[in-house]
Amino acid sequence: MSLTPRVHDDGRSRLMAFDHGAHLASWELDGEPMVWLSEAAVLDGSRAVRGGVPICFPWFADGPDGQHSPSHGVVRTATWRPAATQGEELWAWELSHTDVAGAPGAHQIPGPFDLRYAVRLSPAGADRAPALELDLQVHNPGPTAYDVEVALHTYVAVGDVEQVRIDGLDGAHYLDKVTGSRRRQQGPVSLTGETDRVYERSSLIQVHDHARGRTVEVSPRGAAQTVVWNPWAEQAAATSDLGEDSWRQFVCVETAATGGQALTLGAGQTDTLGCSLSIT
Ligand code: TA6
């Protein structure tokens, strides 16, 4: 049974989202993809949607100890509850630890949580295009502080990932998860093969998409890290919901708080992690 999409179309922006994972699945601006969705994405609720902006919580990848499952936590495959929108929000959802009590991996959840996720479009200005605003509110209703890993795993659509240059990470230290080495970025990031890096910096990222002659900006908030990922050809061919050549069409620029930079949620505390996407 296929998921029911929520669609917004204002003549410039077309957005699609699912209650499954509170997943912003795609954004097209003036007919051009901004947030990429795999043509091979599984849209029956049986797994996370490939593309869009998966919400990684309460752990990232296989977790701080490398022993957590499923990948990227339990909320991107949960059915979130639609919530009342506030102000200019297009959609809002809520999810609590009680909603995922029986889900695979629930026994590894580090503490009680209440999440609220909202999607908003900032209108275009005189000299700027519309911006997509994503905000995840994380509340700890319990009496004890605990750490959570959080990420908005954004698939930024590009014309050809081999022609992409990414500014904003020059000088930042990073963990290269392909080689296991720790390095420091020299100049713009270019991708020449499988790329999976956790940068210890969260600041404005510019994705120069030379194939399309445009720049996509990712402006993070409330995070500490930026993850840059592309599986490249071999890994993509082994991933059923990626499809043959689709790896060229995106680069993930993820707004993240993981490992030593995870969010510490004090008793009764609420934190917000989010990002804005726009085009220059
Ligand atoms: O984006 C970083 C990463 O953790 C990669 O290691 C890769 O696993 C990617 O996420 C996609 O993960 P997924 O579970 O969605 O296939």
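The values are calculated or read from the model by the stated rules, or taken from the named source; none is laboratory data. Everything numeric in this text was worked out from a predicted model, so none of it was measured. Heads up, the Cβs are rebuilt from the backbone with ideal geometry, glycines too, and the neighbour counts pull from every protein chain shown. When the accessible area is computed, the model is the full protein with side chains, heavy atoms only, and any ligands, DNA or RNA have been set aside. Shrake-Rupley method; radii C 1.70, N 1.55, O 1.52, S 1.80 Å.
Below, the figures for the structure above:
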| read-out | value |
| --- | --- |
| Peptides 165-177, 247-259 ordered by average Cβ neighbours within 10 Å, highest first | 247-259, 165-177 |
| Extension gain from residue 107 to residue 2, taking 0.36 nm per residue of separation minus the Cα-Cα distance | 35.0 nm |
| Potential extension, residue 238-residue 84 segment - 0.36 nm per residue separation minus Cα distance | 51.4 nm |
| Accessible surface, the chain, averaged per residue in Å² (probe 1.4 Å) | 42 Å² |
| The chain - percent of accessible surface contributed by carbon and sulfur, probe 1.4 Å | 45 percent |
| Exposure of residue 19 as accessible area (Å², to 10), given a probe of 1.4 Å and all protein chains | 40 Å² |
| About the Cα centre, charge dipole magnitude for the range 73-119 (Lys/Arg +1, Asp/Glu -1 at Cβ), debye | 160 debye |
| Potential lengthening between residue 267 and residue 126 on full extension [0.36 nm per residue; Cα-Cα distance subtracted] | 46.4 nm |
| FRET efficiency, residue 62 to residue 163 (Cβ-Cβ, R0 41 Å, nearest 0.05) | 0.85 |
| P(r) histogram, all alpha-carbon pairs of the chain included - 10 Å bins from 0, percent | 7, 31, 38, 21, 3, 0 |
| Net charge over other residues, Cβ less than 14 angstrom from the Cβ of residue 122 (K, R count +1; D, E count -1) | -3 |
| Part-to-part distance (alpha-carbon centres) for the range 19-54 and the range 75-126, which is given in Å | 16 Å |
| In Hz, Karplus ³J(HN,Hα) per residue of the range 250-265 (6.51, -1.76, 1.60; θ = phi - 60°; x = Gly, Pro) | 8, 9, 7, 10, 10, 8, 9, 9, 9, x, x, 10, 4, 7, 9, 9 |
| Pairwise centroid distance, computed over Cα atoms, of the range 152-207 with the range 215-246, Å | 10 Å |
| Test item: Cα-centred dipole of the chain, Lys/Arg +1 and Asp/Glu -1 on Cβ, debye | 320 debye |
| Residue (of 36, 107, 136) at the positive-pole extreme of the range 33-159, dipole from beta-carbon charges | 36 |
| Helical contribution to [θ] at 222 nm, DSSP H n ≥ 4, -39,500 (n - 2.57), averaged over the chain, rounded to 500 | -500 deg cm²/dmol |
| Charged-residue dipole, Cβ positions (Lys, Arg, Asp, Glu), the range 83-193 about Cα centre, Debye nearest 20 | 380 debye |
| Mean separation of Cα contacts under 8 Å (6+ apart) over length of the range 6-279, as relative contact order % | 19 percent |
